[in-house]
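Can you read through this structure? Questions will come right after.
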Amino acid sequence: MESCRVGLCYCINSSMLSFKEYIEEEYLEERVLSIGLNPSHEKHRETHRGHIHDMIHHAYKSIGGYGGHASGSKKESEAIHDDISHSVIKAVKRNGKLSSVNLYKKKYGRKSIASATDGTAQGKKDFMKTKLEDHEHKRAWGEVSGKVASIHKKIGTPDIPSKKAGKLLGKKIKPHADGVHYDRKLGDKMHTKKMVGHPKESA
């Protein structure tokens with residue numbers, strides 16, 4: 001690829017980019033962290049604990065809080081930290097900062113229990129890439145709703161029949177007539193969910 005400096009801009013494939021955009025486009029460092037899977041990455045659990053906590057808190061703020069706890073409460077914070085401590089974590093790190101993060105629990109394979117981004121367009125792309133890889137490698141499953149459910153539909157992650165939800169979750173659920181969605185209680189409220197992905201039911 002040829003590039004030529006023109007003032008503070010670069011000509012790349014006939015497109016004009018600012019110097020800042022050029023650096024971000026061509027030299028943005030990307031590193032995938034596999035905490036809980038790669039022993040050499042385990043140190044990142046504590047290094048990025050605060051950032052992971054804040055990303056998850058903000059991601060679940062719009063639905064009232066994480067894990068059925070009120071957003072911003074001490075119980076919510078404790079639940080987030082507990083999951084950070086005991087989960088497999090897949091995260092994308094760019095220039096020293098996390099852009100997306102996914103937490104998994106070892107249950108019937110790998111169950112996705114929390115996901116978040118830094119709110120940037122790149123973070124959302126990194127989040128999508130992780131979910132697509134989970135689907136393509138048939139290595140994870142999870143409970144979804146709202147925007148995350150729409151993302152999984154877009155990338156083709158298969159729905160899991162609601163009749164299997166009770167067993168996989170170990171929770172009491174109320175199935176919908178469509179055979180996919182169901183209601184279950186989180187905290188003191190009922191929420192509509194569905195499950196998607198590739199559980200290992202013999203696990």
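The values are calculated or read from the model by the stated rules, or taken from the named source; none is laboratory data. All figures in this text were calculated on a predicted structure; none of them were measured in a lab. Here the Cβ is made from the backbone with ideal geometry for all residues, glycine too, and neighbour counts use every protein chain on show. All accessible areas refer to the heavy atoms of the entire protein, side chains included, with ligands and DNA or RNA removed. Shrake-Rupley method; radii C 1.70, N 1.55, O 1.52, S 1.80 Å.
How much mean residue ellipticity at 222 nm does the chain get from its helices, if each DSSP H run of length 4 or more adds -39500 (n - 2.57) and you divide by all residues, to the nearest 500 deg cm²/dmol?
Helices in the chain give a 222 nm mean residue ellipticity of -10000 deg cm²/dmol.
Students often get this wrong, so check it: of Lys147/Lys194; Lys74/Lys111; Lys93/Lys131, which have C-alpha atoms separated by over 22 Å?
Checking Cα-Cα distances, Lys74/Lys111 exceed 22 Å.
Taking the Cβ of Ser145 as the centre, find all other residues whose Cβ is under 10 Å away and add up their charges (Lys, Arg: +1; Asp, Glu: -1).
So the surrounding residues net to +2.
For an R0 of 25 angstrom, estimate the FRET efficiency from the Cβ-Cβ distance between Asp188 and His137 and round to the nearest 0.05.
With a Förster radius of 25 Å, E is 0.10.
Here's another thing I want to ask about it. By accessible area of protein heavy atoms, probe 1.4 Å, what ranking do Thr117, Thr130, Thr192 get, highest first?
Details: Thr117 40, Thr130 15, Thr192 70 Å².
Greatest to least solvent exposure: Thr192, Thr117, Thr130.
Normalized C-alpha radius of gyration of region 19-158, against 2.2 N^0.38 Å?
Taking the Cα Rg and dividing by 2.2 N^0.38 Å, one obtains 1.04.
Which ³J(HN,Hα) values in Hz, rounded to whole numbers, follow from the phi angles of region 114-120 under the Karplus curve 6.51 cos²θ - 1.76 cosθ + 1.60, where θ = phi - 60° and Gly and Pro get x?
For region 114-120, the Karplus-derived couplings read 6, 9, 7, 10, 7, x, 8 Hz, x marking Gly and Pro.
What list of ³J(HN,Hα) values in whole Hz, one per residue of region 62-73 in order, does the Karplus curve 6.51 cos²θ - 1.76 cosθ + 1.60 (θ = phi - 60°) give from phi, with Gly and Pro shown as x?
Coupling constants for region 62-73: 5, 9, x, x, 9, x, x, 9, 4, 4, x, 7 Hz.
Between region 97-169 and region 174-188, what's the alpha-carbon centroid distance in Å?
18 Å
Pull out the extension gain between Ser62 and Lys106, defined as 0.36 nm times the separation in residues minus the alpha carbon to alpha carbon distance; nm, one decimal. Kindly include the intermediate steps, with their values, before the conclusion.
Numbers: separation 44, 0.36 × 44 = 15.84 nm, distance 2.69 nm.
Result for the pair: 13.1 nm of gain on full extension.
Now for a separate question. Find the accessible area per residue for the chain; the probe is 1.4 Å, ligands and nucleic acids are left out, and the unit is Å².
On a per-residue basis, 58 Å².
Continuing with this model, one more query. Could you point to the residue in Ile151, His135, Ala165 farthest towards the positive end of region 114-203's charge dipole, with +1 and -1 charges on the Cβ of Lys/Arg and Asp/Glu respectively?
The one lying farthest along the dipole's positive direction is Ala165.
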